[in-house]
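This report refers to the structure that appears directly beneath it.
The values are calculated or read from the model by the stated rules, or taken from the named source; none is laboratory data. Nothing here was measured: the structure is a model prediction, and the numbers come from that model. A quick note on method: Cβ atoms are made from the backbone with ideal geometry, for glycine too, and the neighbour counts reach across all protein chains shown. What goes into the accessible areas is simple: the full protein's heavy atoms, side chains included, and nothing from ligands, DNA or RNA. Shrake-Rupley method; radii C 1.70, N 1.55, O 1.52, S 1.80 Å.
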Amino acid sequence: MGSRTRTLLGIAGIALVVFLIVLGLVLRGTTAAWDRAVLEVAGGAGTVVGFAAVVTELGSAWVLVPFVAAVALWAALRGRPTGALVLIAGALVTEALNSGLKWLVGRERPDWIAEVLPASKAFPSGHALVPTVIYGLAAFLVVSIAPRARTTLAVVVPLLCLAIGGSRIVLGVHWPTDVIGGFALAVCLAALGRIALDAAERSDRGREEGS
């Protein structure tokens with residue numbers, strides 16, 4: 001096992017522990033007062049809400065599905081078909097896990113800020129979890145093919161994911177701990193996904209050398 005794999009496993013383990021701690025606090029209702037206080041402060045108005053409403057769409061299925069398809073196709077055409085499959089599998093697994101956890105936890109959303117609430121349950125925030133894994137894995141895959149994009153993506157992707165997750169609090173459709181829990185689980189899954197992408201890269205390069 002290489003040093004990078006050990007580091008990634010360590011990151012995944014720490015992030016999973018953070019997620020489980022947040023989940024435990026949520027299930028016990030310990031965070032209720034804090035969540036409400038933060039929401040009352042963070043709830044934006046006017047331009048802030050308008051901006052949040054635009055940013056939040058970047059974490060919606062109608063953006064993420066074609067994005068995953070486009071990046072996967074591009075990677076496959078660049079000789080990384082296994083990496084493309086890892087990206088697609090990572091997106092599907094993350095979405096399934098998000099739906100399953102929402103059903104199991106059954107936490108209700110805040111109901112006094114947003115005029116219209118999504119039908120799904122609150123914990124974890126899918127907009128914190130799913131886009132972070134997808135954009136993160138896509139960035140890892142792109143950098144493995146085009147290393148010069150590393151610096152740009154290292155700045156843009158975290159800021160984008162934080163903005164998408166934060167928009168859910170500003171819009172009043174998620175409790176802050178929904179977003180924190182979503183991000184923690186996303187880091188865990190993205191780290192594990194990076195390990196899978198590294199293995200996929202070795203497989204794809206081995207296939208190229210053997211052909």
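The figures follow:
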item: Folded to 0 to 90 degrees: helix 150-170 orientation relative to the chain principal axis, Cα; result: 20
item: Whole-number accessible area per residue in Å² for the chain, which is evaluated in the context of all protein chains at 1.4 Å; result: 51
item: P(r) histogram, all alpha-carbon pairs of the range 100-148 included - 5 Å bins from 0, percent; result: 5, 18, 17, 16, 13, 10, 8, 7, 6, 1
item: Cα pair distances of the chain binned at 10 Å [whole percent]; result: 9, 33, 34, 18, 6, 1, 0
item: Volume per residue of the C-alpha convex hull in the range 114-208, rounded to whole Å³; result: 98
item: Rg(Cα) / (2.2 N^0.38 Å) computed for the range 4-43, rounded to two decimals; result: 1.63
item: Of all accessible heavy-atom area on the chain, the percent that carbon and sulfur account for (1.4 Å); result: 71
item: Computed lengthening from residue 53 to residue 150, 0.36 nm per intervening residue step minus Cα-Cα distance; result: 32.1 nm
item: Amide hydrogen neighbours beyond the local backbone of residue 107, cut-off 5 Å, H modeled; result: 122, 123
item: Under the Debye formula (equal points on every Cα, no solvent term), log10 I(q)/I(0) of the range 1-101 at q = 0.10, 0.21, 0.24 Å⁻¹; result: -0.51, -1.17, -1.17
item: Where labels lie 7 Å past Cα in the beta-carbon direction, separation of residue 36 and residue 115 in nm; result: 2.5
item: Nitroxide proxy distance, nm - points 7 Å out along Cα→Cβ at residue 3 and residue 108; result: 5.3
item: Distance between the range 5-65 and the range 75-136 - C-alpha centres, whole angstrom; result: 12
item: Folded to 0 to 90 degrees: helix 176-210 orientation relative to the chain principal axis, Cα; result: 10
item: Theoretical gain in end-to-end length, residue 70 to residue 159 [0.36 nm per residue, Cα-Cα removed]; result: 29.9 nm
